[in-house]
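Where a number appears in this text, it was derived from the coordinates with a stated rule and is not lab data. Note that the structure is a prediction, hence the values are computed from the model and not measured. Using ideal geometry, Cβ is built from the backbone for each residue, glycine included, and neighbour counts are taken over all protein chains shown.
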Amino acid sequence: MHSAEIKAALQAYAGEIGIDQIGFASADPFVELKERLVRHRELGYESGFEEPDLKKRTEPTETIPAAKSIIAIALAYPSKMPHPPRSKEGEYRGIFARASWGTDYHHVLRAKLEKLQQKLLELVPVATSEIMVDTGVLSDRAVAERAGIGWSGKNTSILSPHLGSWIYLGEMVTDIYLPPDQPVTQSCGECTACMDACPTGALVQPGQLNAQACIAYLTQTKGFLAEQYREKLGNRLYGCDTCQVVCPINRKVNFTHQEAFTPDVEEVKPLLKPLLTMSNRQFKNRFGHMAGSWRGKKPLQRNTIIALAHFKDHSSIPLLQQLLQEDPRPVIRGTSAWALGKIGGESAMEALQLAQVSEEDEEVCAEIAQALIRLEKESSHREEKENVTFG
Ligand code: SF4
Ligand code: SF4
């Protein structure tokens, strides 16, 4: 079978099995990407979740020695929630980024790619191939760009002219030659909306992301969140969509045809307080199938506490006090102390003073002390103001 015919058969089959976009790229080394990744590492911009071996990340022949082509696929996911529940006083809600709506996309894309792999084997029984989705060694975005799925935006997302950037990417490296597609020529032009909207300035240059400052990454860390980022988190529990929400390419884009990605609104915009009393089993049952659960319960609970502080939810004070006194995890106790300091009021102050007597962990003690200083300052400001008012 001629390579153009194999490609055409794979394209047709991709449509049949619900792949939204398919593109073909050569398996040549990603030379320019390698240079960028070296600079990125030198600047300390990596998240730490990436494959550390840059050779593996940029040379497909490290995966399959005779690699000739890479088949890239994209699946569109929804950007709008049907009838989202609203936060109410005392019943505030957190939010999961869209990439965590519905079933974990890693499974969905892998299943599609496995079908495609089977098809390739039917067409060329001697073909060798390897599937990657997000956690593979290659850069999904670099592959998608080369395969003509879309262009690389200033927010580092791949922007498909047809689908926008709410797309999941995956690929399959193979030793079969398939005629490559042309990269997309469209670009962001003069637009800088994503860079202007980023709450932390993580988009340091067009197309360059400092992952260490990116909320999407920070929501997935397990330790204490640096104080300067806590306020920026808002009610985000997992991920951050801001630089895609503001993108004009995504305006009016909302693809809902992939049923696996339909969000359960109570899952992706859950009530905050119940998240703090969940057992491991309850967590697994409720969130285990979502991409946003991969780091376990602790980061989500830490972010939940930060979100309660964001809303200044006074009704959460008893729960935060309980966590501060009883939770075995210092990150949860320390973040609760910080949140009590943010929410304020007499009962928050009392809770902090009580915990200060028995707390032994150094970081938690520091958080309690900081929170008390903040509350004492606020209370003396208030007194000063009252004295001025009443003369
Ligand atoms: Fe900034 Fe959020 Fe985009 Fe990260 S995901 S670059 S924090 S807007
Ligand atoms: Fe490009 Fe503008 Fe979209 Fe940023 S917001 S990715 S600059 S089109």
For the pair A8 and T256, the simple spin-label estimate (label points 7 Å beyond Cα toward Cβ) gives in nm 3.7
Magnitude of the Cβ-charge dipole (Lys and Arg +1, Asp and Glu -1) of the chain about the Cα centre, nearest 20 debye, reported as 640
By the Cα gyration tensor axes a ≥ b ≥ c (a/c under 1.5 gives rounded; else a/b larger than b/c gives prolate, otherwise oblate), the shape of the range 261-362 is prolate
In terms of the alpha carbon gyration tensor, root eigenvalues a ≥ b ≥ c, rounded if a/c is under 1.5 and otherwise prolate when a/b exceeds b/c or oblate, the range 36-126 is oblate
In degrees rounded to 10, the 0-90 angle between helix 31-42 Cα long axis and the longest Cα principal axis of the chain is 20
In degrees, nearest 10, the alpha-carbon axis of helix 105-123 is tilted away from the dominant principal axis of the alpha carbons of the chain by 10
If the label point sits 7 Å along Cα→Cβ of D264, residues of the range 281-309 with amide N under 14 Å come out as 282-293
Cross-link reach from K252 to aspartates and glutamates, straight Cα distance under 16 Å and at least 8 residues apart if same chain, gives D241
Of the listed links K88/K273; K7/K115; K7/K34; K34/K56, those spanning more than 19 angstrom between alpha carbons are K7/K34
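Rounded, prolate or oblate: which fits the range 313-391 when a ≥ b ≥ c are the square roots of the eigenvalues of the alpha-carbon gyration tensor, with rounded for a/c under 1.5 and prolate only if a/b beats b/c?
Prolate shape, in that a/c is at least 1.5 and a/b is the bigger ratio.
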T128 and K312 label points (each 7 Å along its Cα→Cβ direction) are spaced in nm at 6.3
Going residue by residue through the range 193-205, the Karplus relation 6.51 cos²θ - 1.76 cosθ + 1.60 with θ = phi - 60° gives ³J(HN,Hα) values, rounded to whole Hz and with x marking Gly or Pro, of 3, 5, 5, 5, 8, 4, x, 10, x, 6, 8, 6, 8
Highest mean packing first, using Cβ neighbours within 10 angstrom, the peptides 184-193, 130-139 sort as 130-139, 184-193
Projecting the Cα atoms of H314, Q356, S336 onto the charge dipole of the range 313-391, where Lys and Arg contribute +1 and Asp and Glu -1 at Cβ, the residue farthest towards the positive end is H314
To the nearest 0.05, the calculated FRET efficiency linking V245 and D361 through their beta-carbon distance, R0 being 41 Å, is 0.60
In a Gaussian network model of the chain with springs linking alpha carbons closer than 10 Å, the residue among N303, N285, N254 that fluctuates most is N285
Expressed to two decimals, the chain has a Cα Rg over Rh, using the Kirkwood radius, of 1.05
Sequence order, the range 301-318: Karplus ³J(HN,Hα) from phi using 6.51 cos²θ - 1.76 cosθ + 1.60, θ = phi - 60°, Hz rounded, Gly and Pro as x, gives 6, 4, 5, 4, 5, 5, 5, 4, 5, 4, 7, 6, 7, 4, 5, 8, 4, x
The answer for V253, listing residues at least 5 apart or on another chain whose modeled amide H is closer than 5 Å to its amide H, is none
Listed residues P84, P299, P199; largest mean-square fluctuation, Gaussian network over the chain with Cα springs below 10 Å, found at P84
Per the rule of 0.36 nm per residue minus the C-alpha distance, extending H106 to E42 adds in nm 20.1 nm
Largest fluctuation, G18, G341, G164 only, Gaussian network model of the chain with Cα springs under 10 angstrom, belongs to G18
